[in-house]
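The values are calculated or read from the model by the stated rules, or taken from the named source; none is laboratory data. The shown structure was predicted, so the numbers you read here are calculated from the model rather than taken from an experiment. Because the Cβ atoms are built from the backbone with ideal geometry, glycine has one as well, and the counts that use them run over all protein chains shown. Quick note on the areas: whole protein, heavy atoms, side chains included, nothing else; ligands and nucleic acids left out. Shrake-Rupley method; radii C 1.70, N 1.55, O 1.52, S 1.80 Å.
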Amino acid sequence: MEMSLRLRLTLLYSTLMGAILLVISAAVTLVITALLMNQIDETLDIAQDLVVSKIIVDPLGKVRAELEPTDMSSDVYMQIWGLNGQLQSSFGTPGYYEITPFDESALQSEKPRYRDMSGEGWHVRVLSVPLVKDGHRVAVLQLATKLDVVEAARKNLTDVLSIIWIVAVLFSGLVVWLTIGQTLKPLGAITEAVEQINRADDLSRRIPYNGPNDDEIGSMVGSFNQTLERLEALFTSQQRLLADVSHELRTPLTVIKGNVDLMRRMKSLDAESLTSIDQEAGRLTRLVGGLLLLAQAESGKLTLVMKKVELDLLLTEVFQEMSILAANKVHVHLNEIDQVYVNGDRDRLKQVFINLTANAIQYTPPGGDVYVSLEQIKDQARIIVRDTGPGIPSEDLPHIFERFYRAEKSRTRGKSTGFGLGLSIVNWIVERHGGRIEVSSQDGKGTAFAVWLPLFRNP
């Protein structure tokens, strides 16, 4: 069974705390032991000075120390060993050590030496010092003291530190468990909220959080709520797109099917029906082409061939083509036009101006006017396409570049209510050229689109 995050963090912190306390305890034990050993060594040094000051060498070369029982501490013992390995003098030597050197290996040492010795239940600290007379070593002085105090202090310190270690680890583990539980409590609420969203498929819900917004959990909740908001908007947009695409496809298909059924009943080809079928088939082709173009644009597969474009010449071509399209229905005018160069994809820019002009012609009533102009303003080119049509309601202006947006006044496809894909494509192309598109409109007075593009600059 997998451990929870709370338990893992608690165990990790407790383990780290235990390791740190263990290192500190070992360091304290070593320091205290070293201090006690230094005190013992100082005691042995003092005893050495006292013994050396009272050593007497008789004519036969025997070395002895004339010590009184009160001269040295009762826990310090002395032996003087001759070079022949015979004990020549002793003081307070206990038990086994009455006939045995404290440190037999040090009897041949030429220098003073400290050493811990154990034997027969004894654990002592031994100082061995060679005794020299007239430049010759005559004996070896060995002083010893028991290490019972050091061992008892070490044991008591170890016991105390062990108890402190256990209590500290348990207490820190409890504190960490409670603290982490309180810290991770919002995560439980987040998990529950996400599960409820998944079960209900309700992207409109948001994760509640009452803590500070600038901490890690607050930032995570904020980011998650923003993600939910974007997903909700995307999901709503997709639903509307599917509904609108279905509507856009159903209308021409219904017209085509109706005309086919009519000719089947008439058992003859009808020119008007064929013309209607051709128009609706063309409309379907443009719709599918627009969808494919937007799909390529959003996936990054639509590349623009950027080069120097003579914009005034391009607009002249658009004007000539759109004049033919308008025929006698609408008057298309080419107003002031400056000689301007921009860096862009000529075909896509032409698509922009054809789309805007065609829309102006379509929504302008018979006898109306469409004006196209080009002007250089500082380091930008401004192209305006203006018509004298019915205009666009102010509540619809912010949405006209959305795919298949239709005015809420009529959700039924009509010549004056649908915006289709054209303006979405226009907006995408203009933005990819580093420009922007603006629109202004008044009900009953017409609409004007202004396209701003940066001028061409030599590298």
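Each residue in the range 44-67 was checked for being touching a residue at least 12 places away in the same chain (Cβ under 8 Å) and either open to solvent by less than 60 Å² (accessible area, probe 1.4 Å) or not in a helix (DSSP H, G or I) (or both), and 16 pass.
Candidates I56, I40, I80: the one that is in contact with a strand residue (DSSP E or B) (Cβ under 8 Å, 6 or more places away or on another chain) and within 30 Å of S25 (Cβ to Cβ) is I40. Considering each residue of the range 85-101 in turn, none proves to be in contact (Cβ under 8 Å) with a residue 60 or more places away in the chain and touching a strand residue (DSSP E or B) at 6+ places or on another chain (Cβ under 7 Å).
Of the strands (runs of 3 or more DSSP E) lying entirely inside the range 295-384, those carrying at least 1 residues that are open to solvent by 20 Å² or more (accessible area, probe 1.4 Å) and under 17 Å from E431 (Cα atoms) are 307-310, 341-344.
Every condition in (1) more than 17 Å from I437 (Cβ to Cβ); (2) outside any strand (DSSP E or B); (3) out of contact with any Pro (no Cβ under 8 Å at 6 or more places or on another chain) is met by E280 except one, and the failing one is (3). Determine, yes or no, whether T70 is among the polar types (S, T, N, Q), open to solvent by 70 Å² or more (accessible area, probe 1.4 Å) and over 28 Å from K155 (Cα atoms). In short, yes.
Of the residues making up the range 73-88, those that are open to solvent by 20 Å² or more (accessible area, probe 1.4 Å), over 20 Å from E42 (Cβ atoms) and in a strand (DSSP E or B) are L87, Q88. In the condition set (1) part of a loop (DSSP other than H, G, I, E, B); (2) among the aliphatic types (A, V, I, L, M); (3) open to solvent by 60 Å² or more (accessible area, probe 1.4 Å), I392 is compliant with all but (3). Residues of the range 112-129 that are buried (at least 19 other Cβ atoms within 10 Å of the Cβ) and touching a Leu at 6+ places or on another chain (Cβ under 9 Å): V124, R125, V126, L127, S128, V129. Of all residues in the range 185-208, those that are open to solvent by 40 Å² or more (accessible area, probe 1.4 Å), in contact (Cβ under 8 Å) with a residue 12 or more places away in the chain and under 23 Å from L9 (Cα atoms) total 2. Only one entry in L157, L107, L161 is part of a helix (DSSP H, G or I), open to solvent by less than 80 Å² (accessible area, probe 1.4 Å) and in contact with a Phe, Trp or Tyr (Cβ under 6 Å, 6 or more places away or on another chain), namely L107.
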